[in-house]
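Asks: Before I ask anything, let me first share the structure, which is written out below as structure tokens.
The values are calculated or read from the model by the stated rules, or taken from the named source; none is laboratory data. This is a predicted model, so every value here is computed, not measured. Heads up: the accessible areas ignore ligands, DNA and RNA and are worked out on the full protein's heavy atoms, side chains in. Shrake-Rupley method; radii C 1.70, N 1.55, O 1.52, S 1.80 Å.
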Amino acid sequence: MLLHFSPTKPLFSPPNLRRNPPISPPRSLRIRAIDAAQIFDYETQLKSEYRKSSALKIAVLGFGNFGQFLSKTLIRHGHDLITHSRSDYSSAASSIGARFFHNPHDLCEQHPDVVLLCTSILSTESVLRSFPFQRLRRSTLFVDVLSVKEFPKTLFLKYLPKEFDILCTHPMFGPESGKHSWSGLPFVYDKVRIGDESSRHERCDKFLKVFESEGCRMVEMSCEEHDKHAAGSQFVTHTMGRVLEKFGNALEQLERLDMAFESIKKELFGRLHQVYRKQMFGGGGEGKKTEQKLLNDGVVRVKEESSSSSSS
């Protein structure tokens, strides 16, 4: 059987595509925006990358009431928060998007850019004395938020390696006064020690930018000047607080006011006696007698007499 092939006609003819025009997509699926056709939303991606590049990793030491108060705003500004405290605040940290570390060594191994101390005045020195600085980068920025400034500055200079940066701050507001807004509230700061590199100045400015963006009244002031201005108001505030504490709720009994003042005054001068004695006699004072007199102008005079002269 012989097969004959026609040179003018192919054995197999391809389908004529012109007879089947492409099907138009349904009207409901028709693309109407360029962004919707992109595999990636580049605008959102760029914003995300910029936010990551400008974010600080901040370690909060002391995640109590005030530490949590500040952390919520720091997180809202896009910063990465890691926390540590003696008490277990892991649930509180998780609820605001922070990470909690029970061990300070584990926290330091995260290499934070900033270490923010939200500890109490009484525990600040013990925290610094036992802190594993060797696990941090040598350019780490340390920040405090205590209401006194010379005290943490002295401790920072004493315990921190000289390569570390130091920023002393005092947010003059708290969870109650700053509950709704920080606008107009004073924020005092002192750049005690910032390295020469531009990146270290930028890091410090990024941290301060949070409070500036929230509308705080930014006041740059030395620690010494801050304490000098704050001494009078803090003395009155704390004294009246202690008086009212002893006063209780029976404010109608005005005669108790004088008794409360006398109690606070004795307690205060008792402590001053110990301080002066320690400064003058090195804590010993054997064979010495210290006499305190309260002058009319409120100045404490310390008079030193030898035991032999007083006994004669």
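Asks: Of Lys149/Lys209; Lys72/Lys179; Lys149/Lys179, which ones are farther than 22 Å apart at the Cα?
Replies: Details: Lys149/Lys209 20 Å; Lys72/Lys179 11 Å; Lys149/Lys179 24 Å.
Among Lys149/Lys209; Lys72/Lys179; Lys149/Lys179, the Cα-Cα distance tops 22 Å for Lys149/Lys179.
Asks: Protein chains only, probe 1.4 Å: how do Asp165, Asp106 rank by accessible area, largest first?
Replies: Working: Asp165 5, Asp106 75 Å².
Ranking Asp165, Asp106 by accessible area, largest first, yields Asp106, Asp165.
Asks: Right, next: Quote to one decimal, in nm, the extra length available between Asn249 and Glu125 on full extension: 0.36 nm per residue of separation minus the C-alpha distance between them.
Replies: Working: separation 124, 0.36 × 124 = 44.64 nm, distance 3.56 nm.
Taking 0.36 nm per residue and subtracting the Cα distance, the gain is 41.1 nm.
Asks: Fully extended, how many nm does the chain gain between Phe133 and Ile96 (0.36 nm per residue separation, minus their Cα-Cα distance)? If you can, show how the numbers build up before the last one.
Replies: Values: separation 37, 0.36 × 37 = 13.32 nm, distance 2.68 nm.
Extra length available between Phe133 and Ile96 comes to 10.6 nm.
Asks: Ranked by accessible surface with a 1.4 Å probe, highest first, in what order do Met221, Met172 come? Mind showing how you got there, number by number?
Replies: Details: Met221 40, Met172 95 Å².
The ranking, largest first, comes out as Met172, Met221.
Asks: Decide, for segment 80-216, between rounded, prolate and oblate: order the square roots of the alpha carbon gyration tensor eigenvalues as a ≥ b ≥ c, take rounded if a/c falls under 1.5, and otherwise choose prolate if a/b is larger than b/c, else oblate.
Replies: Details: a/c = 1.39, a/b = 1.09, b/c = 1.27.
Rounded.
Asks: Related question: Suppose accessible area is computed on protein heavy atoms with a 1.4 Å probe; arrange Arg193, Arg138 from highest to lowest. Spell out each step's value before the answer.
Replies: Details: Arg193 60, Arg138 170 Å².
From most exposed to least exposed: Arg138, Arg193.
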